[in-house]
Amino acid sequence: MQSTNRTKLSSGEFAKLCRTSKETLRHYRNLGVLVPLYESEKGYLYYDVEQFYDYHMIHILKKTGTPLAEIKAYLAKQHPDKVLEVLKKQQEILEEKKKEIEQMEQVIRKSIANIEIGNSNEFVDGEPTICYFEKEHLLAIPAREFESNEDEDMTFVAMLQKQHDICQKYDVNSDYQLGAIIPQNHTLQGMEAISHIYTCIDRRSDNQYYHEKPAGYYVALRVRGEWDVQPFYKKLVEYIKAHEIQVIGDTYAYDVAGFLLNGQEEHTITMLSIPVEWNKDVEEKLNKKV
């Protein structure tokens with residue numbers, strides 16, 4: 001072991017610097033992956049502060065799946081070309097993991113937002129409500145692309161696979177919750193007039209399936225505990241007719257709870273929303289009728 005006047009760190013001090021545990025350092029030491037640089041006359045072992053960089057590299061390599069035996073061999077024969085090769089390999093691994101994390105984050109973020117909306121006091125179950133929705137980015141696939149498959153489960157599989165392939169190709173993340181679009185010119189025809197099946201994605205995308213759900217005012221209706229939302233859709237349309245509200249866009253039916261709560265009918269939450277023209281005149285007219 002070397003002996004210098006440089007600052008020597010005990011295992012506890014070095015563990016604190018590296019934000020790890022003494023047990024982890026002991027494991028690395030026993031395997032010969034990261035051995036303390038100094039030893040005192042009494043046999044106490046100390047780390048050099050610059051060994052922090054060795055620990056940090058070990059930590060990165062280990063987190064990206066490199067076995068400790070390979071890490072040990074790498075540290076034993078460090079060379080600029082080898083370092084560059086290792087770093088480029090780890091960069092590729094981290095990019096892939098970053099994409100995985102972004103996908104998981106999209107699912108969690110949207111699921112939280114959806115369920116919060118589903119539980120919001122802003123809505124009364126089964127009753128139309130005027131509310132403001134923010135813009136959303138959608139991946140909308142024409143329903144006709146799945147019409148040839150008569151098996152419902154296989155149709156669902158085909159939809160998920162199609163969404164996954166498009167997301168991979170265009171580097172976007174989906175929350176995998178499913179929704180349906182009814183074109184504006186078919187609004188009064190009911191749920192059988194569905195033109196597209198969609199899922200929300202995390203950003204705008206330059207592809208043929210991209211669809212923007214615009215920000216604005218919507219007549220919305222929350223449905224709980226019902227798989228068949230057709231009666232509620234009719235109620236929503238009747239509300240719009242009765243109040244002479246002008247529809248200005250496509251209708252959206254969205255499975256808010258999705259795969260998280262959709263295993264049993266009593267847990268389902270569906271949001272029906274239709275963009276409408278909203279101004280002072282409409283508000284006054286609505287208040288008078290209410």
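The values are calculated or read from the model by the stated rules, or taken from the named source; none is laboratory data. Note that the structure is predicted; figures quoted are calculated from it, not measured. Neighbour counts are summed over all protein chains in view; Cβ atoms, including those assigned to glycine, are modelled from backbone coordinates with ideal geometry. Side chains are part of the model used for accessible areas, which takes the heavy atoms of the whole protein and leaves out ligands, DNA and RNA. Shrake-Rupley method; radii C 1.70, N 1.55, O 1.52, S 1.80 Å.
All of (1) surrounded by 13 or more Cβ atoms within 10 Å (Cβ to Cβ); (2) touching a strand residue (DSSP E or B) at 6+ places or on another chain (Cβ under 8 Å); (3) outside any helix (DSSP H, G or I); (4) of a type outside the set (Phe, Trp, Tyr) hold for THR66 with one exception: (2). Quick check: anything in region 118-125 at negative phi and in a helix (DSSP H, G or I)? Yes, there is a match, as at least one residue in region 118-125 is at negative phi and in a helix (DSSP H, G or I). Apart from one condition, GLN168 fits all of (1) over 23 Å from GLN264 (Cα atoms); (2) more than 17 Å from the chain's Cα centre (by Cα); the exception is (2).
Given the residues ALA193, ALA158, ALA180, which is the only one that is modelled with pLDDT of 90 or more and over 17 Å from the mean Cα position of the chain (by Cα)? Reasoning before the result, please.
Values: ALA193 fails: modelled with pLDDT of 90 or more; ALA158 fails: modelled with pLDDT of 90 or more.
None of the other options fit; the residue is ALA180.
Counting only residues that are under 30 Å from GLU238 (Cβ atoms), open to solvent by 100 Å² or more (accessible area, probe 1.4 Å) and not basic (Lys, Arg), give me the strands (runs of 3 or more DSSP E) lying completely in region 127-189 with at least 1 of them. Give the steps one after another, and end with the answer.
Values: elements: 129-133, 136-142, 179-182.
Filter on region 127-189 gives 129-133.
Annotation: of all residues in region 249-259 being surrounded by 15 or more Cβ atoms within 10 Å (Cβ to Cβ) and farther than 16 Å from PHE123 by Cα, the one that is modelled with the lowest pLDDT is GLY258.
I need every pair where a residue in region 151-164 that is closer than 12 Å to LEU178 by Cβ has its Cβ under 8 Å from the Cβ of a residue that is open to solvent by 50 Å² or more (accessible area, probe 1.4 Å) and not in a helix (DSSP H, G or I), sequence separation at least 6 or different chains. If the second residue must be open to solvent by 50 Å² or more (accessible area, probe 1.4 Å) and not in a helix (DSSP H, G or I), the pairs left are THR155/ASN149; LEU160/TYR176; GLN163/TYR176. Could you list all residues from region 5-21 that are touching an Asp or Glu at 6+ places or on another chain (Cβ under 8 Å) and either surrounded by 14 or more Cβ atoms within 10 Å (Cβ to Cβ) or more than 15 Å from TYR38 (Cβ to Cβ) (or both)? Across region 5-21, the qualifying residues are LYS8, LEU9. Put simply, of SER195, SER205 the only residue that is surrounded by 11 or more Cβ atoms within 10 Å (Cβ to Cβ) and in contact with a strand residue (DSSP E or B) (Cβ under 6 Å, 6 or more places away or on another chain) is SER195.
Assess whether LEU75 counts as being hydrophobic (A, V, I, L, M, F, W, C), surrounded by fewer than 19 Cβ atoms within 10 Å (Cβ to Cβ) and in contact (Cβ under 8 Å) with a residue 40 or more places away in the chain. So LEU75 passes the test. Within region 28-53, the set of residues being open to solvent by 50 Å² or more (accessible area, probe 1.4 Å) and in a helix (DSSP H, G or I) comprises ARG29, ASN30, LEU31, PHE52, TYR53. Could you tell me which of the residues ILE269, ILE240, ILE245 is surrounded by 20 or more Cβ atoms within 10 Å (Cβ to Cβ), over 30 Å from the mean Cα position of the chain (by Cα) and either of a type in the set (A, V, I, L, M, F, W, C) or modelled with pLDDT under 90 (or both)? One residue alone meets the criteria, ILE245.
As for region 110-121, it holds no residue that is surrounded by 14 or more Cβ atoms within 10 Å (Cβ to Cβ), out of contact with any Lys or Arg (no Cβ under 6 Å at 6 or more places or on another chain), among the hydrophobic types (A, V, I, L, M, F, W, C) and modelled with pLDDT of 85 or more.
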